[in-house]
Amino acid sequence: ANIMPTIRSRGQLVRCTQVNAEELSARLTEEHGLDKKQADFLAAYSQGCPGRAIDLIGNDAFFERRNAVIEVASKASSGNPWLALKLAGVLRSKDTAAPEASDDDPDSEPAPAKQAKKGSRDSLIESLDMLVVWYRDLLAAKLRGEQAAVVNLDRMDEILAQASRYPHAGPLANAVDAILRAKRGILGNGSPQIVTEALMMKLAR
């Protein structure tokens, strides 16, 4: 609406369409030698964008962070509040090792504020994006079981196992909403420590 009519009249509308996930997966397998599970995941995660999918091939940092986020989601269901605070630190950090559950005094562990220094806002946003996709998969699995359409196709067994820990879909729907709110908080320059700790406490309930 802010473009001058004389400029708009000389423009050309280019519509970009997404590639079908099955077609993209097949191309990734044939042209890049990926196994079917990994190709299916990249096709789904990239939302049919070939360039995005290809960029993620061999990206060890991406897959390490994804593994850490999945482990964060798994440990969050323990209901341990001290562990929840440690998990918040993992989300903020470039360190991909999720902490083990412990009843020890949290003062004996590295403070979340120190862990936050290792990460960045961009890496936190990436972690939250991965986390919301995972919880959406859990929600889908809770509602539809093995027939659920999920993004993390290569981790279906883990999705079904985690989803089974929840009595019904309500907590998972609330988790998705909480993660999206946390992301908006970070994008709005909220404190990463406060936002992630509040999020993990909600997910641990």
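Couple of notes before you dig in:
- Residue check, ILE186 in contact with a Lys or Arg (Cβ under 7 Å, 6 or more places away or on another chain) and closer than 21 Å to ARG65 by Cα: yes
- Members of region 57-85 found to be closer than 15 Å to SER127 by Cα, open to solvent by less than 50 Å² (accessible area, probe 1.4 Å) and not aromatic (Phe, Trp, Tyr), listed by number: ARG65, ARG66, ALA68, VAL69, ILE70, VAL72, ALA73, SER74, ALA76
- Test: residue in region 123-135 that is polar (S, T, N, Q) and modelled with pLDDT under 95: yes
- Restricted to region 14-121, the set of helices (runs of 4 or more DSSP H) holding at least 2 residues that are at pLDDT 85 or above comprises 21-32, 36-45, 50-56, 60-76, 81-92.
- Region 172-197 - residue that is crowded, with 18+ Cβ neighbours inside 10 Å and free of Cβ contacts under 8 Å to residues at least 24 places away in the same chain and, of those, farthest from LYS86 (Cα to Cα): GLY185
The values are calculated or read from the model by the stated rules, or taken from the named source; none is laboratory data. From a predicted model like this one, the values you see are computed outputs, not experimental measurements. Here the Cβ is made from the backbone with ideal geometry for all residues, glycine too, and neighbour counts use every protein chain on show. Keep in mind that these areas ignore ligands, DNA and RNA; they rest on the heavy atoms of the full protein, side chains included. Shrake-Rupley method; radii C 1.70, N 1.55, O 1.52, S 1.80 Å.
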